[in-house]
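Engineer: My questions will all concern the structure given below.
The values are calculated or read from the model by the stated rules, or taken from the named source; none is laboratory data. Just so we're clear, the structure is a prediction, and the values are computed from it rather than from any experiment. Here the Cβ positions follow ideal geometry from the backbone for every residue, glycine too, while neighbour counts run over all protein chains shown.
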Amino acid sequence: MANNFDVVILGGGSGGYACAFRAAELGMSVALVEKDKVGGTCLHYGCIPTKALLHAAEVADATRESTQFGVSASFDGIDMAGVNAYKDSVVGRLYKGLQGLVKARGVTLVEGEGRLVAPNAVDVNGAGYEGRHVVLATGSYAKSLPGLEIDGERVITSYEALTMDRVPGSVVVLGGGVIGVEFASVWRSFGAEVTIIEALPRLVPGEDEACSKAVERAFRRRGIAFRTNTPFKSVDHTDGGVRVVVESGDPIEAEILLVAVGRGAVTDGLGYDTVGVKLDRGFVPADERLRTNVDGVYALGDLVPGLQLAHRGFGHGIFLAEDFAGQNPVPIDDMGIPRVTYCEPEVASVGLTEAQAQDRLGPDKVESLQYDLAGNGRSQILKTQGFVKVVREKDGPVLGVHMVGSRVGELIAESQLIYNWEALPSEVAQLIHAHPTQGEAIGEAHLALAGKPLHVHG
Ligand SMILES: Cc1cc2nc3c(=O)[nH]c(=O)nc-3n(C[C@H](O)[C@H](O)[C@H](O)COP(=O)(O)OP(=O)(O)OC[C@H]3O[C@@H](n4cnc5c(N)ncnc54)[C@H](O)[C@@H]3O)c2cc1C
């Protein structure tokens with residue numbers, strides 16, 4: 001006999017649990033089906049553990065560089081057991097909190113592997129769960145390339161990289177996107193020799209070109225090697241690790257190869273296609289209200305083509321719950337979702353890159369300004385380099401904000417308000433920023449765009 005709910009959600013990651021919580025808050029009965037751990041990729045194998053590693057990396061760098069600040073400290077090395085214990089304690093605390101929230105919200109957690117068996121029904125180990133609305137939220141997995149086998153030891157993905165019990169002596173990172181540059185950054189700070197290979201012409205290729213250039217300059221300074229325009233060809237095992245052959249240039253030997261070439265959607269064998277849900281290269285296309293082509297079946301998060309970010313999943317989940325409750329929420333526009341890459345230096349952006357803005361509006365209609373962090377007191381105190389770049393429509397609103405520098409990820413909240421509220425630079429210029437903060441650089445960039453630069457040379 002089937003259990004009946006208002007909403008049945010298949011997958012308890014960022015998107016699935018956000019949908020469950022908001023739907024329960026709005027008075028709906030909710031079944032959340034999860035085969036592993038509530039919290040999904042982000043909490044257990046993604047955002048949180050990687051950012052803990054990146055923080056440990058920052059501590060290592062600060063210790064090494066302490067004499068620059070007149071502080072005597074010696075860097076004796078990385079104790080991976082200690083780093084992992086710290087990382088796991090952060091994840092553990094958040095997981096406990098999340099489990100508490102599942103209970104407190106009255107969400108029925110169904111533990112087990114689910115399968116869509118009808119537009120309104122999910123089967124878990126022979127038990128049926130029927131919902132007026134069914135939400136597909138099974139997320140994503142680390143992809144590889146054709147013929148490139150992940151052995152979990154020498155050729156690994158981010159999944160294995162998060163549980164390594166040692167710092168590798170040397171690593172080749174295949175892929176210069178977000179996940180690739182974050183691990184490259186961690187391992188370099190931990191003392192490894194790192195080489196990134198990227199088929200496209202630049203690192204973080206989804207970002208504004210100026211950000212890529214700044215990251216590449218910073219990585220050169222940090223001794224992180226990278227080869228762009230360099231497609232991967234093959235990998236062999238050697239006595240000490242791997243030998244990576246690329247389309248051009250010499251092969252590279254290293255202890256391990258991290259494959260970070262993107263993430264595919266988890267849809268195989270889950271009954272989606274059998275029930276008639278249309279798939280596109282494994283992903284589930286959905287309209288702006290996150291409806292699939294099958295009535296009553298919705299999809300969210302990494303499953304839906306677009307930005308693969310935890311907060312997009314949260315946003316999708318909340319949107320769907322409010323839609324089910326008849327609240328007519330505003331559809332989510334991927335362009336207004338902030339993006340942060342947490343390598344050192346960080347990259348943060350929202351809205352259109354300069355090239356995208358020029359494509360859409362025409363080059364004559366776009367203006368941009370790059371405010372150098374050299375003029376920002378707080379950034380000088382931190383000894384970081386970088387910039388805040390603002391792209392605007394000529395005589396019109398801000399179309400994009402792009403930043404590079406230590407800790408600039410924390411500046412994205414204001415930038416996202418500026419972009420999403422379609423603010424004019426002159427309006428932002430009126431807002432007074434606290435001194436000395438890095439946020440001042442945002443204020444300064446808008447002052448300059450409004451024709452009244454303050455701390456700007458030339
Ligand atoms: C290394 C790494 C670092 C990242 N860092 C960031 C970051 O800093 N910031 C950011 O915003 N994003 C980051 N991400 C991306 C982020 O993790 C994802 O965008 C987010 O987790 C997507 O949420 P989701 O709910 O769509 O899917 P997921 O979190 O993948 O959740 C899907 C859930 O469904 C479950 N599931 C799958 N199939 C079934 C089934 N048949 N039955 C039952 N349950 C099932 C899975 O076990 C999983 O728990 C990172 C990802 C990785 C890999």
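Engineer: Surrounded by 14 or more Cβ atoms within 10 Å (Cβ to Cβ) and over 27 Å from the mean Cα position of the chain (by Cα): does that describe Ala104? Can you show your working first?
Structural biologist: Working: surrounded by 14 or more Cβ atoms within 10 Å (Cβ to Cβ): no; over 27 Å from the mean Cα position of the chain (by Cα): yes.
So Ala104 does not fit the description; no.
Engineer: When you go through Asp268, Asp295, Asp236, Asp302 one by one, which is the residue that is part of a loop (DSSP other than H, G, I, E, B), modelled with pLDDT of 95 or more and closer than 28 Å to Glu153 by Cα? Spell out the reasoning first.
Structural biologist: On the way: Asp295 fails: closer than 28 Å to Glu153 by Cα; Asp236 fails: part of a loop (DSSP other than H, G, I, E, B); Asp302 fails: part of a loop (DSSP other than H, G, I, E, B).
Asp268 is the lone residue from the list that is part of a loop (DSSP other than H, G, I, E, B), modelled with pLDDT of 95 or more and closer than 28 Å to Glu153 by Cα.
Engineer: Would you mind listing the strands (runs of 3 or more DSSP E) fully within the stretch 105-214 where at least 2 residues are more than 13 Å from the ligand (Cβ to nearest atom)?
Structural biologist: Details: elements: 108-111, 114-118, 121-124, 127-136, 140-142, 170-174, 193-197.
In the stretch 105-214, the matching strands (runs of 3 or more DSSP E) lie at 127-136, 170-174, 193-197.
Engineer: Let me confirm something: among Phe183, Phe190, which residue is closer than 16 Å to Pro49 by Cβ, out of contact with any Leu (no Cβ under 6 Å at 6 or more places or on another chain) and hydrophobic (A, V, I, L, M, F, W, C)? Walk me through it before giving the result.
Structural biologist: Values: Phe183 fails: out of contact with any Leu (no Cβ under 6 Å at 6 or more places or on another chain).
Answer to the selection: Phe190.
Yes/no per residue for (1) more than 27 Å from the chain's Cα centre (by Cα); (2) of a type in the set (Gly, Ala, Ser); (3) more than 30 Å from Val135 (Cα to Cα):
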site: Ser349; (1), (2), (3): no, yes, no
site: Lys383; (1), (2), (3): no, no, yes
site: Lys389; (1), (2), (3): no, no, yes
site: Val404; (1), (2), (3): no, no, yes
site: Ala423; (1), (2), (3): no, yes, yes
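Engineer: Applying the selection to the stretch 237-249, what residues are in contact (Cβ under 8 Å) with a residue 40 or more places away in the chain and either touching a His at 6+ places or on another chain (Cβ under 9 Å) or surrounded by fewer than 16 Cβ atoms within 10 Å (Cβ to Cβ) (or both)? Spell out how you get there, then give the answer.
Structural biologist: Taking the stretch 237-249 as the starting set, the residues that turn out to be in contact (Cβ under 8 Å) with a residue 40 or more places away in the chain are 237, 241-242, 244, 246.
Across the stretch 237-249, the qualifying residue is only His237.
Engineer: Still on this structure, I have one more. Which one of these does Ser234 not meet: (1) surrounded by 21 or more Cβ atoms within 10 Å (Cβ to Cβ); (2) within 29 Å of Pro305 (Cα to Cα); (3) touching a strand residue (DSSP E or B) at 6+ places or on another chain (Cβ under 7 Å); (4) not assigned by TED's automatic domain parsing to the domain that holds Leu116?
Structural biologist: Result: Ser234 passes all but (1).
Engineer: Output the number of residues of the stretch 40-80 satisfying the condition of being in a helix (DSSP H, G or I), on the phi > 0 side of the Ramachandran plot and more than 16 Å from the ligand (Cβ to nearest atom).
Structural biologist: Narrowing the stretch 40-80 to residues in a helix (DSSP H, G or I): 40-45, 47-64, 66-69, 80.
Adding the requirement that they be on the phi > 0 side of the Ramachandran plot leaves 40.
Filter once more, so that each one left must be more than 16 Å from the ligand (Cβ to nearest atom): none.
Of the residues in that region, 0 qualify.
Engineer: Answer yes or no as to whether Gly126 is under 27 Å from Leu10 (Cβ atoms) and under 30 Å from the mean Cα position of the chain (by Cα).
Structural biologist: So Gly126 fails the test.
Engineer: Sticking with this one: What about Arg339, is it crowded, with 16+ Cβ neighbours inside 10 Å, within 30 Å of Arg221 (Cβ to Cβ) and within 14 Å of the ligand (Cβ to nearest atom)? Working first, answer last.
Structural biologist: On the way: crowded, with 16+ Cβ neighbours inside 10 Å: yes; within 30 Å of Arg221 (Cβ to Cβ): yes; within 14 Å of the ligand (Cβ to nearest atom): yes.
Against the criterion (crowded, with 16+ Cβ neighbours inside 10 Å, within 30 Å of Arg221 (Cβ to Cβ) and within 14 Å of the ligand (Cβ to nearest atom)), Arg339 qualifies.
Engineer: Go through the stretch 404-439 and count every residue that is of a type in the set (A, V, I, L, M), in contact (Cβ under 8 Å) with a residue 12 or more places away in the chain and in a helix (DSSP H, G or I).
Structural biologist: Of the residues in the stretch 404-439, the ones of a type in the set (A, V, I, L, M) are 404, 408, 411-413, 417-418, 423-424, 428-429, 431-432, 434.
Now narrow it down to the ones that are in contact (Cβ under 8 Å) with a residue 12 or more places away in the chain: 404, 408, 411-413, 418, 423-424, 428-429, 431.
Filter once more, so that each one left must be in a helix (DSSP H, G or I): 408, 411-413, 418, 428-429.
Residues in the stretch 404-439 being of a type in the set (A, V, I, L, M), in contact (Cβ under 8 Å) with a residue 12 or more places away in the chain and in a helix (DSSP H, G or I): 7 in total.
Engineer: Which residues, taken from the stretch 231-265, are out of contact with any Leu (no Cβ under 7 Å at 6 or more places or on another chain) and within 16 Å of the ligand (Cβ to nearest atom)? It would help to see each step written out before you state the result.
Structural biologist: Our first condition is that a residue be out of contact with any Leu (no Cβ under 7 Å at 6 or more places or on another chain); within the stretch 231-265, this holds for 231, 233-234, 236-241, 243, 245-256, 262-264.
Selection gives Ile256, Gly262, Arg263, Gly264.
Engineer: How many residues are surrounded by 16 or more Cβ atoms within 10 Å (Cβ to Cβ) and out of contact with any Gly (no Cβ under 6 Å at 6 or more places or on another chain) when one looks only at the stretch 415-435? Spell out the reasoning first.
Structural biologist: Taking the stretch 415-435 as the starting set, the residues that turn out to be surrounded by 16 or more Cβ atoms within 10 Å (Cβ to Cβ) are 415-416, 418-420, 423-425, 428-429, 433.
Subset that is out of contact with any Gly (no Cβ under 6 Å at 6 or more places or on another chain): 415-416, 418, 423-425, 428-429.
The total comes to 8.
Engineer: Related question: Among all residue pairs at least 6 apart or on different chains, which show Cβ distances below 8 Å where the first residue, located in the stretch 156-178, is in the same structural domain as Phe190 (by TED's automatic domain parsing) and the second is more than 15 Å from the ligand (Cβ to nearest atom) and aromatic (Phe, Trp, Tyr)?
Structural biologist: Val167/Phe190; Leu174/Phe232; Gly176/Phe226
Engineer: Using beta carbons and a limit of 6 Å, which pairs, at least six apart or on different chains, have the first residue in the stretch 36-59 and more than 23 Å from Leu10 (Cβ to Cβ) and the second one near the ligand (Cβ under 9 Å from one of its atoms) and of a type in the set (Phe, Trp, Tyr)?
Structural biologist: Cβ pairs passing all conditions: Lys51/Tyr342; Leu54/Tyr342.
Engineer: Can you work out which of the residues in the stretch 1-39 that are assigned to a helix (DSSP H, G or I), within 13 Å of the ligand (Cβ to nearest atom) and in contact with a helix residue (DSSP H, G or I) (Cβ under 6 Å, 6 or more places away or on another chain) is farthest from Tyr86 (Cα to Cα)? Show your work before the answer.
Structural biologist: As a first pass, look at the stretch 1-39 and keep what is assigned to a helix (DSSP H, G or I): 14-25.
Imposing the further condition that a residue be within 13 Å of the ligand (Cβ to nearest atom) reduces the set to 14-21.
Narrowing the set further to residues that are in contact with a helix residue (DSSP H, G or I) (Cβ under 6 Å, 6 or more places away or on another chain) leaves 14-15, 18-19.
Details: Ser14: 22, Gly15: 26, Ala18: 26, Cys19: 30 Å.
That would be Cys19.
Engineer: Conditions first: (1) of a type outside the set (A, V, I, L, M, F, W, C); (2) away from the ligand (no atom under 16 Å from the Cβ); (3) at negative phi. Asn84 passes all but one, so which condition is the exception?
Structural biologist: (2)
Every residue, every condition in (1) surrounded by 21 or more Cβ atoms within 10 Å (Cβ to Cβ); (2) farther than 22 Å from Gly46 by Cα, yes or no:
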| residue | (1), (2) |
| --- | --- |
| Leu174 | yes, no |
| Gly180 | yes, no |
| Val186 | yes, no |
| Arg202 | no, yes |
| Pro205 | no, no |
| Glu209 | no, yes |
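Engineer: Which residues, counting only those in the stretch 221-230, are out of contact with any Leu (no Cβ under 8 Å at 6 or more places or on another chain), without any contact (Cβ under 8 Å) to a residue 40 or more places away in the chain and surrounded by 13 or more Cβ atoms within 10 Å (Cβ to Cβ)?
Structural biologist: Scanning the stretch 221-230 gives Ala225, Arg227, Thr230.
Engineer: What number of residues within the stretch 298-318 satisfy the criterion of being surrounded by fewer than 24 Cβ atoms within 10 Å (Cβ to Cβ) and either over 14 Å from Gly11 (Cα atoms) or more than 8 Å from the ligand (Cβ to nearest atom) (or both)? Walk me through it before giving the result.
Structural biologist: So in the stretch 298-318, the residues surrounded by fewer than 24 Cβ atoms within 10 Å (Cβ to Cβ) come out as 305-312, 314-315, 318.
Imposing the further condition that a residue be either over 14 Å from Gly11 (Cα atoms) or more than 8 Å from the ligand (Cβ to nearest atom) (or both) reduces the set to 305-309, 311-312, 314-315, 318.
Adding up the residues that qualify gives 10.
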